[in-house]
Amino acid sequence: MRKFGKILLTVTFLQLFLMQGCNLLMVAVKNVPTFFERPREVKNKIKDPIKPDVRLSALWIGHATVLLQMDDKVIITDPFLTETAGEFARRVVEPGMNAEDIPACDVILISHSHFDHLNLASLEMLEEKSSKTALVFPKDLENYLPDYDMKLIRMKNDNGYESKLTGETKIVNGVKITTVFAQHWGGRYGLDGYIWGDKAFTGYIIEYNGMTIYFAGDTGYDPFKFKKLGEMFRIDLALIPIGPCADCKQCGTFSHVFPPDAYMIFQDVKASRMLPIHYGTLHFAQADPMEPLYAFRDIIRSNKAEEMIRILEIGEQEIYIRK
Amino acid sequence: MKFYNINIKIFIVLLFLLQSDYAFSQLKDENELLKWGSWLVLQTLPSPTLFDDRNEESAKIRFGLQWHVVPVSYSFNANKYVSPFNFFFIKPNKRFSGSVETYFEPSLIPGGFKNNSLKKFMYNAGVRLVLPVFQRGEYLAISLGGGYFNQQSADRKYDGVTYEAGIYSLFGMMGLKFEYNQNGLSRYNIGLYLKYY
């Protein structure tokens, strides 16, 4: 009876760690050193990112969080402004902007329900700024979202893009938002995404005053679908993840692109500019957080794409179009 | 003993099946059988709990197992797209971002009580309030509750009011819970709280 208890206890603990999303145990182990050191400081943080003479700009706050200005509209993607994501993954670099300096946003876009993209405390920080802000998210994500004093807008994603490339188009606070194909998985607590088939994930096309931004969210590569997206939209700026990667010189997995196929997405969607995201912020299990960038720099160099792809430091802003 | 060994093997096989390549293949279509089957398996995971074993002269601690069932939950923080009422299968964030819920907690003390004649099986049932502390309760939440406890010996029933307090982390999947049973022979119980959905 005592032996039974011990085995049950061991298996219970093992299972609790194994069933977490994104191999939490590995992430936790890899993140142990980060809990003994402070996240690297970002110097000279921008305090006034929205400028009257700018039509299109992007400020990389870190990971998949980008503050976008499209004329008079302010949009933020996957806001992650806290020190940890999902308790175990701690930032290696602090956010590129202080939360208090982030202006009231017109639109907050959430690509999926994983901890590094849907950060409940960060939404709370943005909620305080304006109740007119619209929080846009894909279908199924409402199950992981508490209520906020914002306009909550759920958008269809063709049930995980089963057959279509786009989910739905809505005008949100004057900005045209379209949910578009992404190849990822939903869920938040492990099994719900892995085997229960939750499909809370999407990419977005953002259109305003003749400018178009593509936010890929978190995605794997598909040789046909991104080309089709490139035919459907004339994209000025693409925010495409380049990590996390195990062997960053190889193509990615079903649900994550690595640098080579991130570049392929950029080519397929025929964007004028690209901002690489989703690296350098969190210590995922697979590789050093900066590893994707080293591999991606080689790709940019060998393709002579320096003009189109600008690597930003966390906290750095790029102005793409001036008035 | 043989019965338990076979059960352990089945249990371990089931758990590892959930971790197999098939499980990680990110199913395109929802498989209801797999979903509910795996959820049911996870509900069988007990929480290790220490039970007070007392008589008028002395008190000892006994190791036991407790299961946590939440039949109904009302979430204070449900958004407009979801119902605030949930039954049995409840997303952790709905419970731990602030809710009031009913609970039923059967307990088993495999080695039995030695200081008193209580049976190996007992149960609590009641209502608890769950309050978020950090990250809308995903990082830290607390609970306070009360209800009815039932303990039985061979010749009589000990039942009455029970109070409980809990603290939860890891998205509400792991916590520590303390119970005080009025008029019981096993009054103070403290244990881990393990529950996936």
Enumeration of residues in the range B:63-75 that are away from chain A (no Cβ under 13 Å) and under 30 Å from residue A:134 (Cα atoms)
B:73, B:74
If I ask for residues that are in a loop (DSSP other than H, G, I, E, B) and among the hydroxyl-bearing types (Ser, Thr, Tyr), which ones from the range B:99-138 would you list?
B:117
Search the range B:30-51 for residues being farther than 11 Å from residue B:194 by Cα and crowded, with 21+ Cβ neighbours inside 10 Å, and hand back the single one that is nearest to the other protein chains (Cβ to nearest Cβ).
B:38
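Suppose we keep only residues that are in a strand (DSSP E or B) and touching an Asp or Glu at 6+ places or on another chain (Cβ under 9 Å) within the range B:167-184. Which one would you say is nearest to residue B:45 (Cα to Cα)?
Taking the range B:167-184 first, the residues in a strand (DSSP E or B) are B:167-169, B:174-181.
Remaining after also requiring touching an Asp or Glu at 6+ places or on another chain (Cβ under 9 Å): B:169, B:177-181.
Details: B:169: 18, B:177: 16, B:178: 19, B:179: 20, B:180: 23, B:181: 24 Å.
Step by step, filter the range B:167-184, then rank; the result is B:177.
Can you report the number of residues in the range A:42-92 which are within 14 Å of chain B (Cβ to nearest Cβ) and part of a loop (DSSP other than H, G, I, E, B)? Don't jump to the end; show me each part of the working.
If we filter the range A:42-92 for residues that are within 14 Å of chain B (Cβ to nearest Cβ), which is where we start, we get A:79-90.
Applying the additional criterion that residues be part of a loop (DSSP other than H, G, I, E, B) yields A:79-83, A:86-88.
The number of residues fulfilling the criteria is 8.
Out of B:118, B:140, B:144, B:131, which single residue is of a type in the set (A, V, I, L, M), within 14 Å of chain A (Cβ to nearest Cβ) and within 29 Å of residue B:159 (Cβ to Cβ)? It would help to see each step written out before you state the result.
Values: B:118 fails: within 14 Å of chain A (Cβ to nearest Cβ); B:140 fails: within 29 Å of residue B:159 (Cβ to Cβ); B:144 fails: within 14 Å of chain A (Cβ to nearest Cβ).
Result of the check over B:118, B:140, B:144, B:131: B:131.
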Can you tell me how many residues within the range B:76-93 are crowded, with 17+ Cβ neighbours inside 10 Å and more than 8 Å from chain A (Cβ to nearest Cβ)?
2
Which is within 28 Å of residue A:190 (Cα to Cα) and modelled with pLDDT under 95, of B:128, B:156, B:136?
B:136
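Within 13 Å of another protein chain (Cβ to nearest Cβ), charged (D, E, K, R) and either part of a strand (DSSP E or B) or closer than 22 Å to residue B:197 by Cα (or both): is that true of residue B:60 in this structure?
no
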I need the full set of residues from the range A:190-220 which are among the aliphatic types (A, V, I, L, M), within 13 Å of chain B (Cβ to nearest Cβ) and crowded, with 24+ Cβ neighbours inside 10 Å, in order please.
A:195, A:200
Just one listed residue, out of A:167, A:174, A:187, A:243, is at positive phi, of a type in the set (Gly, Ala, Ser) and more than 14 Å from chain B (Cβ to nearest Cβ), and it is A:174
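Sort through B:188, B:193 and tell me the only one that's touching a residue at least 60 places away in the same chain (Cβ under 8 Å) and either closer than 28 Å to residue A:196 by Cα or within 14 Å of chain A (Cβ to nearest Cβ) (or both). Can you show your working first?
Details: B:188 fails: either closer than 28 Å to residue A:196 by Cα or within 14 Å of chain A (Cβ to nearest Cβ) (or both).
Of the residues listed, the single one that is touching a residue at least 60 places away in the same chain (Cβ under 8 Å) and either closer than 28 Å to residue A:196 by Cα or within 14 Å of chain A (Cβ to nearest Cβ) (or both) is B:193.
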Check the range A:134-142 and report whether any residue there is without any contact (Cβ under 8 Å) to a residue 24 or more places away in the chain and farther than 23 Å from residue B:34 by Cα.
no
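Take the residues in the range A:33-70 that are among the charged types (D, E, K, R) and farther than 23 Å from residue A:213 by Cα; name whichever of them is surrounded by the fewest Cβ atoms within 10 Å (Cβ to Cβ). Show your work before the answer.
First, the residues of the range A:33-70 that are among the charged types (D, E, K, R): A:37-38, A:40-41, A:43, A:45, A:47-48, A:51, A:53, A:55.
Now restrict to residues that are farther than 23 Å from residue A:213 by Cα: A:37-38, A:40-41, A:43, A:45, A:47.
Numbers: A:37: 9, A:38: 11, A:40: 12, A:41: 9, A:43: 7, A:45: 18, A:47: 9.
Applying the filter and picking the extreme gives A:43.
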Return the residue satisfying two criteria in turn: it lies in the range A:122-133 and is touching a residue at least 40 places away in the same chain (Cβ under 8 Å) and surrounded by fewer than 19 Cβ atoms within 10 Å (Cβ to Cβ), and of such residues it is farthest from the other protein chains (Cβ to nearest Cβ).
A:132
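The values are calculated or read from the model by the stated rules, or taken from the named source; none is laboratory data. This structure is a prediction, so every number in the text was calculated from the model and none was measured. Using ideal geometry, Cβ is built from the backbone for each residue, glycine included, and neighbour counts are taken over all protein chains shown.
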